[in-house]
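Report on the structure given below.
The values are calculated or read from the model by the stated rules, or taken from the named source; none is laboratory data. For clarity, every value in this text was computed on a predicted model and none was experimentally measured. All Cβ positions, even for glycine, are placed from backbone atoms using ideal geometry, and neighbour counts span all protein chains on display. Just so you know, the surface numbers come from the protein's heavy atoms only, side chains and all, with ligands and any DNA or RNA stripped out. Shrake-Rupley method; radii C 1.70, N 1.55, O 1.52, S 1.80 Å.
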Amino acid sequence: MWLTEIGKRGWVAITHDQRIRYKPNELRAVIDARATLLIVVGKAPFPAHAASFVNAIDKIIEFLDQHEPPLIAKVYRPSAAGIARNPNATGSVELWYPRR
């Protein structure tokens, strides 16, 4: 499975599939592969998600430096009001697995 290769190489996988964390076999695959999986959350066009992700890259890197794989984290876009105030606003990163 692709997650095995991600974990082996120490890469970070990015997906928009929020359901992956609720599928026991896929959660098990993340754990067994010792993979890092980021789930981009929210309804927006993909270019808007990409821009938000890039704007939050420092926050994402800081988060990843503080957590060891295996892990699943949700990456949120900033609110519409936040983007209106600052087009370069950053969203947030929240650990989903393992739960603390």
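Data table
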{"quantity": "Sequence of ILE14, ILE20 when ordered by accessible area, the most exposed leading, probe 1.4 angstrom", "calculated": "ILE14, ILE20"}
{"quantity": "Where labels lie 7 Å past Cα in the beta-carbon direction, separation of ILE14 and TYR76 in nm", "calculated": "1.9 nm"}
{"quantity": "Computed lengthening from MET1 to TYR97, 0.36 nm per intervening residue step minus Cα-Cα distance", "calculated": "32.6 nm"}
{"quantity": "Using θ = phi - 60° and Karplus 6.51 cos²θ - 1.76 cosθ + 1.60, couplings along segment 82-89 (whole Hz; Gly, Pro as x)", "calculated": "x, 5, 5, 6, 8, x, 9, 4"}
{"quantity": "Amide H partners (placed H, <5 Å) of ALA35, local residues excluded", "calculated": "LEU71"}
{"quantity": "Given (1) 14.3; (2) 13.6; (3) 14.0, the label whose value is Kirkwood radius over Cα pairs in Å derived from this model", "calculated": "(3)"}
{"quantity": "Segment 45-64 and segment 1-36: distance between their alpha carbon centers, rounded to Å", "calculated": "19 Å"}
